[in-house]
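Notes follow once the structure below has been shown.
Values in this text are rule-based calculations from the coordinates and carry no lab data. Note that the coordinates shown come from a computational prediction; the quantities given were computed from them, not determined experimentally. Positions of Cβ are backbone-derived with ideal geometry, glycine not excepted, and every protein chain shown enters the neighbour counts.
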Amino acid sequence: MKLDLEGARVIVTAGAQGIGRAILDAYLAEGARVATCDIDEAALATLPPEVFHQNADMGDGAQIERFIAAAIGELGGLDVLVNNAGIAGPTSPVEDIDPADWDATLAVCLTSQFHCVRHAVAALRASDNASIINLSSLAGRLGFALRTPYAAAKWGVIGFTKSLSIELGKDGIRCNAILPGIVAGDRQRRVLEAKAQRRGMSFAEVEAEAFSYTSLKDYVQPEQIADQVLFLTSPRGRMISGQAVSICGDGQMLA
């Protein structure tokens with residue numbers, strides 16, 4: 001299927017590793033021009049030379065503003081903004097959560113998306129195929145015990161996305177949220193390890209429990225998320241907006 005993304009100008013936040021890297025690589029394969037940021041210098045060093053990148057903390061509004069301005073300047077405009085940056089946050093009963101950890105989780109997982117959009121929207125209005133993708137989570141639809149900061153942020157992402165779709169539709173800007181389920185990678189492994197430790201269970205037991213609540217009992221691959229992102233932001237996805245799209249193997253619960 002031809003996606004007609006050659007030459008598209010794309011920003012992917014936190015794109016040097018994990019889901020973000022899979023999305024970035026998929027856009028490059030389609031001939032798009034991509035800019036990204038990350039806080040991991042070693043990961044940034046692995047990016048192809050044609051990718052514009054900066055070290056930027058998505059929990060810091062001033063750094064976000066500088067990155068978005070520099071990226072748009074380097075790309076000469078903007079067609080796609082993928083708000084991918086996120087952190088897992090603490091795994092703990094709500095009464096034991098440090099308020100600073102709560103604030104940090106919401107800052108990166110939710111507020112960073114607000115900052116990125118507010119600084120990018122003028123450039124997106126000038127595009128003839130403008131799209132915003134906000135990474136949420138299955139936790140943003142189902143909730144997640146012991147992960148309340150993360151779940152609260154991801155629920156917020158869905159509300160933010162729907163509101164943007166209504167607000168920016170008149171400008172021809174599509175806005176959709178992606179809700180991954182149990183995604184293969186180091187981050188998911190660390191989450192399961194933390195839950196196993198908190199609950200006095202083995203990793204294998206926690207992993208098996210997690211898959212017991214999905215119809216397709218396997219990890220979501222980052223590349224599968226990238227496939228959906230590219231379709232939604234391509235001209236073929238031009239009438240899809242305001243949606244919360246789950247890529248989760250039909251998850252019914254997060255344990």
| request: Could you list ARG9, ARG238 in order of exposure, starting from the residue whose Cβ has the fewest other Cβ atoms within 10 Å? | output: ARG238, ARG9
| query | If you take the Cα atoms of region 65-151, find Rg, then find the Kirkwood Rh from the mean of 1/r over all pairs, what is Rg/Rh? | reply | 1.09
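Report the net charge of residues surrounding GLN221, where surrounding means a beta-carbon distance below 13 angstrom and charges are Lys +1, Arg +1, Asp -1, Glu -1.
Values: positive: ARG21; negative: ASP25, ASP218, GLU223, ASP227.
Summing Lys and Arg as +1 and Asp and Glu as -1 gives -3.
Going highest first, how would you order 17-26, 33-42 by mean Cβ packing within 10 Å? Walk me through the intermediate numbers first.
Working: 17-26: 23.8, 33-42: 20.0.
Order by mean packing, descending: 17-26, 33-42.
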| field | Cβ-derived FRET efficiency at R0 30 Å, GLU50 paired with ALA88, nearest 0.05 | value | 0.45
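Working out 0.36 nm times the residue gap between ASP40 and GLN252, then minus their Cα-Cα distance, what length gain in nm do you get to one decimal? Numbers along the way, then the final one.
Working: separation 212, 0.36 × 212 = 76.32 nm, distance 3.35 nm.
Full extension of this stretch gives 73.0 nm more.
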| Backbone N within region 25-55 under 11 Å of label point (7 Å from LYS2 Cα along the Cβ vector) | none
| the chain: relative contact order in percent, alpha carbon pairs under 8 Å with at least 6 residues between | 20 percent
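Checking a compactness column here: for region 146-255, what do you get for Rg(Cα) / (2.2 N^0.38 Å), N being the number of residues? Spell out each step's value before the answer.
Working: Rg = 16.2 Å, N = 110, 2.2 N^0.38 = 13.1 Å.
Ratio of Cα Rg to 2.2 N^0.38 Å: 1.24.
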| request: Could you please report the charge total around ARG238, scoring K, R as +1 and D, E as -1 over all other residues with beta-carbon less than 11 angstrom from its beta-carbon? | output: 0
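Near GLY140, within a Cβ-to-Cβ distance under 12 Å, what is the net charge of the other residues, with Lys and Arg +1 and Asp and Glu -1?
Numbers: positive: ARG141, ARG147, LYS154, LYS162; negative: none.
Neighbourhood net charge equals +4.
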| Where in the chain are the helices, taken as whole DSSP H runs, whose Cα atoms extend 18 angstrom or more along the long axis and whose Kyte-Doolittle mean reaches at least -1.0? | 61-75, 112-125, 148-168
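Let's see if you can work this out: charge +1 on each Lys and Arg Cβ, -1 on each Asp and Glu Cβ, no other charges. What is the dipole magnitude of the chain about its Cα centre, in debye to the nearest 20?
On the way: 22 positive and 30 negative charges, 141 e Å.
Rounded to the nearest 20 debye, it is 680 debye.
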| remark: Sparse-neighbourhood loop hits (GluC sites (Glu not before Pro), region 188-255; DSSP loop; Cβ within 10 Å at most 11 others) -> none
| task | Could you work out the Rg to Rh ratio of the chain, with Rh taken as the Kirkwood radius (inverse of the mean 1/r over all Cα pairs)? | result | 0.96
